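S.K.: This is the structure I want to talk about, given as structure tokens.
Computed from the coordinates by the stated procedures, all read-outs in this text should not be read as laboratory data. Since the model is a prediction, treat every value here as computed from it, not as a measurement. Cβ coordinates were reconstructed from backbone atoms using ideal geometry, including for glycine residues, and neighbour counts include every protein chain displayed.
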Amino acid sequence: MTIESLKLALPDYAKDLKLNLSSLMAEPALTEQQRAGTFVSSALAARSSVVIDAVFAEFAPKLSAVALDAAKAAASIMAMNNIYYRFVHLVSAADYKTLPAKLRMNVIGKPGVDKVDFELWSLAVSAINGCGMCVDAHERELREAGLGVEAIQAAVRIAAVVHAVAATLDGEAASPQLAAVAA
């Protein structure tokens with residue numbers, strides 16, 4: 001599947017998603033590597049095989065093998081960290097905040113690509129996964145590294161649209177099953 005076929009698969013009521021997807025594919029606030037890696041990591045976080053296939057077909061060739069692995073690693077490590085740190089943030093008992101995580105996260109220190117790019121991809125995944133603590137931490141790192149708010153916002157916009165496309169297509173795929181249950 002391609003991004004074009006993905007857009008064609010979206011129902012008419014999701015026209016805004018089609019338009020947003022088209023404009024974000026050429027988002028000028030990000031470098032090509034940042035844009036491609038954000039699409040890849042966001043697709044993995046959205047967990048839709050249809051979206052993953054289309055995004056990988058479009059954006060994997062735009063990344064080096066190392067950058068592709070780093071984008072996948074951002075989605076992988078954030079899948080773990082977002083659950084853990086969301087728990088720490090949401091739980092009422094304060095003592096969890098004082099405990100070390102005791103989870104291996106070596107890839108964050110040595111992602112194989114520019115740290116800013118990895119942080120950007122981690123931010124996009126954290127936004128999809130809804131971890132406020134991680135969103136704050138990655139956004140702060142990006143700002144301290146000198147990345148502008150437009151670039152940070154662009155990555156989150158990509159994450160939002162990729163997630164919405166996945167949710168819409170997954171919902172549409174479930175519709176025949178839902179109609180049968182209702183009947």
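S.K.: By the scheme Lys and Arg +1, Asp and Glu -1, what is the net charge of all other residues having a beta-carbon under 15 Å from that of residue 82?
M.R.: Around residue 82, the charge tally is -1.
S.K.: Using the Cα centre as the reference, give the magnitude of the dipole from point charges on the C-beta atoms of the range 3-182 (Lys, Arg: +1; Asp, Glu: -1; all else neutral), rounded to the nearest 20 debye.
M.R.: In debye, rounded to 20, the range 3-182 gives about 420.
S.K.: In degrees, nearest 10, range 0 to 90: what is the angle between the Cα axis of helix 49-59 and the longest Cα principal axis of the chain?
M.R.: 80 degrees
S.K.: Among the lysines, select those whose C-alpha is under 30 Å from the C-alpha of residue 18, and discard any that sit fewer than 8 residues away in the same chain.
M.R.: Within reach: 7, 62, 72.
S.K.: Something else now. Starting with the fewest neighbours, write out 128, 152, 83 ranked by other beta-carbon atoms found within 10 Å of each beta-carbon.
M.R.: Ranking 128, 152, 83 by Cβ neighbours within 10 Å, fewest first, gives 83, 152, 128.
S.K.: Give the Rg (one decimal place) followed by the Dmax (whole number) of the range 3-182, computed from C-alpha coordinates and expressed in Å.
M.R.: In Å, with Rg to one decimal and Dmax whole: 17.0, 53.
S.K.: Going by how many other Cβ atoms sit within 10 Å of their own, how do 59, 87 line up, fewest first?
M.R.: Listed from fewest to most nearby Cβ atoms, that is 87, 59.
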